[in-house]
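This report concerns only the one structure given below.
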Amino acid sequence: MATPAPTSDVLAGATHRAVEAVWRVEAARLIARLARLTGDVALAEDLAQDALVLALERWPEAGVPDNAGAWLMAAARRRAIDHLRRRPMLDRTHAQLGTEQDARADEAAAALDAALDDPGGDERLGLMLMTCHPVLARESRVALTLRLVGGLTTDEIARASLTAEPTVAQRIVRAKRTLVAAGVRFEVPRGAELRERLASVLEVLYLVFNEGYTATAGDSWARPQLCEEALRLGRVVAGLAPDDAEAHGLVALMELQASRLRARVGPAGEPVLLLDQNRGRWDHLLIGRGLAALARAEALARAAGDLLGAYALQAAIAACHARARTAAETDWERIAALYDALAESVPSPVVALNRAVAVATAYGPAAGLVLVDALAAEAAAGGPLRGYHLLPSVRGDLLERLGRLEEAGAEFMRAAALTRNAREQTLLRTRAAAVASSA
């Protein structure tokens with residue numbers, strides 16, 4: 001029997017998915033290049049969005065072009081030139097100077113055209129340094145950078161930062177206005193100015209990497225391209241700040257985490273938890289790079305007489321997993337001790353939850369459950385982990401290990417209802433069904 005021809009709805013759906021995939025890859029580069037030229041991140045995003053809308057109109061009929069990124073750039077170029085010609089100041093000058101100024105406008109448009117064709121170095125890093133400018137509040141830097149560089153939606157940023165979506169949307173709008181009002185330029189600073197922006201840049205890179213490592217929403221458990229982009233930019237930043245221990249600590253952390261990406265997903269795209277992973281699938285080149293970067297961070301901190309920073313501590317935890325040949329050989333007591341240091345260095349409810357997992361694995365599930373129950377009580381009272389799906393997920397795991405299967409199943413179902421990631425929902429419901437059948 002002949003295979004039926006796909007319907008127009010199926011083709012349109014496939015095209016929209018293709019547009020979405022291209023957009024996720026190209027958006028940051030497109031916005032960065034436009035921001036470099038216009039000096040206005042809000043305008044740059046608008047122009048890039050115009051190109052996206054045009055693609056959604058044209059591609060379903062014409063098909064996705066071979067070089068979709070170049071197509072989007074060309075469309076954005078035309079929109080940018082149109083904008084240049086329509087500027088009020090230019091229009092007024094046209095009225096005064098007539099054809100002479102028309103020629104100048106053409107020259108300006110040609111210059112813009114040429115500049116858009118010029119890759120101009122690492123534009124995404126320049127965009128990140130612009131969106132991490134100290135004129136913005138920390139929360140605004142993170143939200144704007146995740147939006148423009150990481151390509152996350154407002155909803156995804158809200159879930160990643162445990163913040164209400166309207167709050168995130170307001171932060172992004174205000175941040176773009178503030179950058180324009182302050183005349184912040186697109187540039188890659190050096191020396192003291194780079195160090196001033198470094199902590200914010202590292203924080204955002206880490207959040208982008210985490211979104212790639214475990215996607216907050218969608219059909220995929222991970223988004224490796226986000227991890228690769230964050231890691232690539234992290235290496236560039238570490239190169240620009242060779243004496244900064246935390247820059248190398250973050251690179252170490254991302255290298256070591258990225259080494260497990262292939263093993264985190266099964267043949268059908270299902271999540272594979274850390275202790276169940278085939279360690280033969282871990283990338284030992286990345287592990288080697290990660291351990292070397294960690295050694296560099298430790299040496300820099302020691303030379304400066306400092307304690308290890310938050311990224312280096314997390315890299316040290318990841319290194320414990322990387323060095324263990326089997327899950328059973330993992331040094332959980334050292335991991336628990338490292339989490340103690342991390343909780344003291346950067347106290348946060350998420351770090352506290354991870355510490356509880358380490359304590360449970362090192363000293364037994366009952367010890368971990370005491371810590372998790374305290375966090376659950378805080379969440380029930382409106383604490384920051386309210387609605388955070390990993391809290392009931394971890395609690396369910398500990399209850400299962402203690403033989404409290406009915407309670408464990410309820411926690412897994414509660415976690416499944418809270419996550420927006422389809423793969424994670426399936427995993428949690430499967431675990432709930434498994435403990436129900438064993439009860």
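The values are calculated or read from the model by the stated rules, or taken from the named source; none is laboratory data. Small disclaimer: the values here were computed from a predicted structure and weren't measured. Neighbour counts run over all protein chains shown; Cβ positions are idealised from the backbone, glycine included. For accessibility, only protein heavy atoms count, side chains too; no ligands or nucleic acids. Shrake-Rupley method; radii C 1.70, N 1.55, O 1.52, S 1.80 Å.
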Filtering region 229-276 down to residues that are charged (D, E, K, R) and assigned to a loop (DSSP other than H, G, I, E, B), which residue is most open to solvent (accessible area, probe 1.4 Å)?
-> D243
On the given criteria, is A367 open to solvent by 50 Å² or more (accessible area, probe 1.4 Å), without any contact (Cβ under 8 Å) to a residue 24 or more places away in the chain, of a type outside the set (K, R) and farther than 17 Å from H389 by Cβ?
-> no
Collect the residues in region 390-439 that are open to solvent by 40 Å² or more (accessible area, probe 1.4 Å) and among the polar types (S, T, N, Q), keeping them in residue-number order.
-> Q425, T426, T430, S437, S438
Under 6 Å between Cβ atoms, at least 6 apart or on separate chains: pull out the pairs that start in region 199-215 with a residue that is within 26 Å of P242 (Cα to Cα) and free of Cβ contacts under 8 Å to residues at least 40 places away in the same chain and end on any residue that is open to solvent by 10 Å² or more (accessible area, probe 1.4 Å) and assigned to a helix (DSSP H, G or I).
-> G212/L226
Of the residues in region 208-227, those that are assigned to a helix (DSSP H, G or I) and either surrounded by 20 or more Cβ atoms within 10 Å (Cβ to Cβ) or polar (S, T, N, Q) (or both) number 9
Among the residues of region 171-192, the number that are touching a helix residue (DSSP H, G or I) at 6+ places or on another chain (Cβ under 9 Å), part of a helix (DSSP H, G or I) and open to solvent by 70 Å² or more (accessible area, probe 1.4 Å) is 2
May I ask you to verify whether G383 is open to solvent by 40 Å² or more (accessible area, probe 1.4 Å), not in a helix (DSSP H, G or I) and not aliphatic (A, V, I, L, M)?
-> no
Please report, ordered by residue number, the helices (runs of 4 or more DSSP H) entirely within region 277-358 with at least 1 residues that are of a type in the set (S, T, N, Q).
-> 310-323, 332-345
